[in-house]
Amino acid sequence: MDNLRDNARIIKATVQGYEARLSTVESHLRYEASKIPNLTHPDTPIGDETQARTVRIHGSLHEVGKVPSDGVNASDLSDQDFKDHYDLALNLGIIDMEAGAQVAGSRFHYWRGAGALLELALVQYAMTRAVSAGFTPHITPDIARSSVVDACGFRPRSNTEEARLHTEMGGDEVIAGGHSSGESSQIYRVTPVAEESRHEEGADPLCLVGTAEIPLVAMKQQQILDKAVLPMSLAGLSHCFRAEAGARGRDTRGIYRLHQFTKVELVILSRPESSDDELARLLDFQTKLYADLGLTFRILQMPTHELGASAYQKFDIEAWMPGRKAWGEISSASNCTDYQSRRLGIRTRLPVSRKGGVGQAPQFVHTLNATAVAVPRLVVAILESFQRPNGHVVVPEVLRPWMMGINVLAPDSMH
């Protein structure tokens with residue numbers, strides 16, 4: 001009997017050892033697999049951002065050299081050069097960057113007066129259009145678990161943490177600090193004050209989201225969706241937080257590149273065979289949204305180096321910003337195929353051929369995302385595009401229902 005007990009203890013210890021080794025190997029496998037990006041669409045240009053392909057240009061403001069006399073009609077031009085958005089905004093009194101810096105640090109801001117109304121108007125405009133197009137509106141959490149952020153294709157870890165994890169997983173220590181792409185993580189991590197002194201092994205820390213795409217996709221994690229509800233079209237309003245590490249120069253002037261901003265994001269969960277059509281649907285929605293604002297913009301098919309980890313195919317939309325004398329990104333639309341759904345366990349049951357007939361089998365859905373309104377970038381485009389020689393700015397007609405009677409932004413708009 002004693003021998004049996006001894007053998008049982010030995011077997012138990014041996015099994016526990018194998019289980020620990022299995023857990024380590026599985027963790028290593030998941031870590032290595034997480035480095036693999038999505039495949040790319042056959043039509044995607046190969047190379048860096050210089051290889052982006054212009055699909056089409058809407059509008060002609062990029063061909064206009066002086067400010068229109070009425071802020072809109074390019075056939076009647078003044079002799080005034082275009083001012084940049086920050087000079088216009090300061091004159092109009094619609095933002096306060098100094099107060100933002102005092103309270104929260106550089107590149108935070110306050111909307112003030114008509115500026116606050118303009119943000120709310122853009123959100124209402126986007127949400128109203130989205131609901132009319134069949135999207136279900138959501139106001140999402142601004143925080144997500146680190147594992148969720150990671151599963152959606154964003155980097156929630158610093159380069160130092162990546163290097164440490166790489167070494168722990170058996171990697172070459174020489175790679176430390178250079179294991180990742182070299183880009184700094186743009187994610188903010190959130191730690192409750194009461195937990196700052198604790199470090200729990202295997203913890204899943206919270207992060208501020210950089211886009212509502214993350215909580216919208218993740219709300220369906222570990223679910224098998226009825227195929228009848230697909231495509232599932234979601235619109236999410238959230239604050240977005242981005243560290244914007246490494247940003248320099250004129251992009252940091254004014255509100256062009258901020259650490260916090262408001263955004264309306266569109267997400268579609270679709271059957272795999274329908275995702276190309278759904279991406280076209282998102283692009284069509286965006287095109288009409290910005291055309292009705294009266295903006296001049298171009299659609300670019302982005303090359304391989306600009307896709308990130310999750311995107312199979314991606315299009316950027318850039319508005320002409322005459323004060324900056326440059327195109328500036330206001331939106332993007334991406335098909336992530338099953339990259340996110342595979343990591344989050346989002347599936348549906350679809351027909352498959354089997355011996356003896358057709359059956360049902362779980363398959364990962366495809367996820368797509370597109371920006372409807374990223375408020376600061378659109379405000380930059382609006383201020384610079386519809387300015388008058390006197391520094392006043394014409395409010396696009398589609399936004400006026402939410403502007404409390406303000407059709408033209410002026411220094412005394414709210415007085």
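Overview of results
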quantity: Helix axis angle, 2-33 relative to the chain longest principal axis, alpha carbon, degrees; calculated: 20 degrees
quantity: Candidates Val398, Val358, Val229: whichever shows maximal mean-square fluctuation once the chain is modelled as a Gaussian network with Cα springs under 10 Å; calculated: Val358
quantity: Residue-count net charge about Leu88 - beta-carbon cut-off 13 Å; Lys, Arg +1, Asp, Glu -1; calculated: 0
quantity: Leading residue at positive end of dipole, region 244-320 (Cβ point charges), from Phe297, Ala280, Ile268; calculated: Phe297
quantity: Summed residue charge, Cβ within 12 Å of Thr140's Cβ, Lys/Arg positive, Asp/Glu negative; calculated: -2
quantity: Simple spin-label estimate for Asn407 and His305 in nanometres, 7 Å along Cα-Cβ; calculated: 4.9 nm
quantity: Carbon/sulfur fraction of accessible area - the chain, other protein chains in place, 1.4 Å, %; calculated: 51 percent
quantity: Residue of Ala194, Ala309, Ala133 that the Gaussian network model of the chain assigns the largest fluctuation, springs spanning Cα pairs under 10 Å; calculated: Ala194
quantity: Cut-off 11 Å between beta-carbons: net charge of the residues surrounding Glu329, Lys and Arg +1, Asp and Glu -1; calculated: -2
quantity: Centre separation in Å (Cα based) which lies between region 117-154 and region 262-312; calculated: 14 Å
quantity: Solvent-accessible ranking of Phe297, Phe154, Phe386, largest area first, probe 1.4 Å; calculated: Phe154, Phe386, Phe297
quantity: Between 0 and 90°, nearest 10: helix 159-168 axis offset from the chain longest Cα axis; calculated: 10 degrees
quantity: Nearest-ten-degree value, helix 114-132 long axis tilted from longest Cα axis of the chain; calculated: 60 degrees
quantity: Accessible area expressed per residue, region 290-415, with surrounding protein chains retained (probe 1.4 Å, Å²); calculated: 36 Å²
quantity: Residue-normalised accessible area of region 6-84, given per residue in Å² at a 1.4 Å probe; calculated: 73 Å²
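The values are calculated or read from the model by the stated rules, or taken from the named source; none is laboratory data. Keep in mind it's a predicted model, so treat the numbers as computed, not measured. Don't worry about glycine lacking a Cβ; one is built from the backbone with ideal geometry, like all the others, and counts go over all protein chains shown. Accessible surface areas use protein heavy atoms only, side chains included; no ligands, DNA or RNA. Shrake-Rupley method; radii C 1.70, N 1.55, O 1.52, S 1.80 Å.
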